[in-house]
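J.: Questions regarding the structure given below will be posed in turn.
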Amino acid sequence: MRLIAKLILWFVAISVALTVLYRFVPPPVTVTMLVDGNGITKDWTPLSNIDRNMVAAVIAAEDGKFCSHNGFDTAAIEQAMERNARGGRLRGGSTVSQQTAKNVFLWQGEGWTRYLRKGLEVWFTFLIENLWDKRRIMEVYLNVAETGIGTYGVEAGAQRYWGKSAVRLTPAEAGRMAAALPSPKTRSVKNPTGFTRRYGNTIAARIGTVKREGYDACVYE
């Protein structure tokens, strides 16, 4: 019991220290990057050099309550649980904060390791929501999220797909990249078809609403 207590204390201390560090320093690498057999292409970019269209697109696609929740969207989680209970492919109700916690500190994982990761994800989501601000959470997410095969962050994605910086992205470009985020290895950003194309267009159309209604206000206040 004494050993277990010490291990827990060490885990808490190290996780808090890393979270505080990453509040100011870009995470150098993630587990997802390290196990990616396609290599790593990334280019850390401050949020001030990422077009607001991209922020709005992510909120429209992934987390409409980003500025109002404390890291967890309980309504979305309940809906996901109801869908999963009916069978079929498992779907989550993860917020941008949860995805950031997973991408930075944990692994993707399937099977039983997925449940272990989910438990740790709650802890790290709690930490970043309390030790970072919303702007930092969004900044880190947009720099570590996989945007293509072996490509991480929206700057590397913008360079790959359009040969330009993420500082100037049109609503259509931001919408397409956001549409591919849930499955970046299989969904095409440059020439999307079918669902990805339709979903990207839907996200692009919602970008104006996100800005007008202030759903991204916490990122820019």
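J.: Is there any pair linking a residue in the stretch 152-174 that is free of Cβ contacts under 8 Å to residues at least 24 places away in the same chain to one that is surrounded by fewer than 24 Cβ atoms within 10 Å (Cβ to Cβ) and among the acidic types (Asp, Glu), with Cβ under 9 Å and at least six apart or on different chains, and which?
T.: ALA158/ASP51
J.: With the requirement that a residue be open to solvent by less than 10 Å² (accessible area, probe 1.4 Å) and acidic (Asp, Glu), what does the stretch 121-155 give you?
T.: Scanning the stretch 121-155 gives a single hit, GLU121.
J.: Tally the residues that are within 18 Å of the chain's Cα centre (by Cα), over 26 Å from ASP36 (Cα atoms) and open to solvent by 30 Å² or more (accessible area, probe 1.4 Å), restricting the search to the stretch 164-216.
T.: 2
J.: Which members of the stretch 6-50 meet the condition of being open to solvent by 80 Å² or more (accessible area, probe 1.4 Å), among the aliphatic types (A, V, I, L, M) and part of a helix (DSSP H, G or I)?
T.: Residues satisfying the conditions are LEU7, ILE8, LEU9, ILE14, LEU21, LEU34.
J.: While we're on this one: For the stretch 76-110, enumerate the residues that are modelled with pLDDT of 95 or more and either in a loop (DSSP other than H, G, I, E, B) or not small (Gly, Ala, Ser) (or both).
T.: THR95, VAL96, GLN98, GLN99, THR100, LYS102, ASN103, VAL104, PHE105, LEU106
J.: Yes or no: THR113 loosely packed, with under 15 Cβ neighbours inside 10 Å, of a type outside the set (A, V, I, L, M) and over 21 Å from THR41 (Cα atoms)?
T.: Yes: the conditions hold for THR113.
J.: For the stretch 170-177, check the following and say yes or no: at least one residue is in contact with a strand residue (DSSP E or B) (Cβ under 9 Å, 6 or more places away or on another chain) and farther than 18 Å from TRP44 by Cβ.
T.: Taking every residue of the stretch 170-177 in turn, none turns out to be in contact with a strand residue (DSSP E or B) (Cβ under 9 Å, 6 or more places away or on another chain) and farther than 18 Å from TRP44 by Cβ.
J.: I would also like to ask the following. Do we find a residue being of a type in the set (Ser, Thr, Tyr), on the phi < 0 side of the Ramachandran plot and touching a residue at least 60 places away in the same chain (Cβ under 8 Å) anywhere in the stretch 115-123?
T.: Looking for residues that are of a type in the set (Ser, Thr, Tyr), on the phi < 0 side of the Ramachandran plot and touching a residue at least 60 places away in the same chain (Cβ under 8 Å), one finds none in the stretch 115-123, hence no.
The values are calculated or read from the model by the stated rules, or taken from the named source; none is laboratory data. Model, not experiment: these values are computed from the prediction. Because the Cβ atoms are built from the backbone with ideal geometry, glycine has one as well, and the counts that use them run over all protein chains shown. Please note that ligands, DNA and RNA were not included when accessible areas were found on the heavy atoms of the full protein model with its side chains. Shrake-Rupley method; radii C 1.70, N 1.55, O 1.52, S 1.80 Å.
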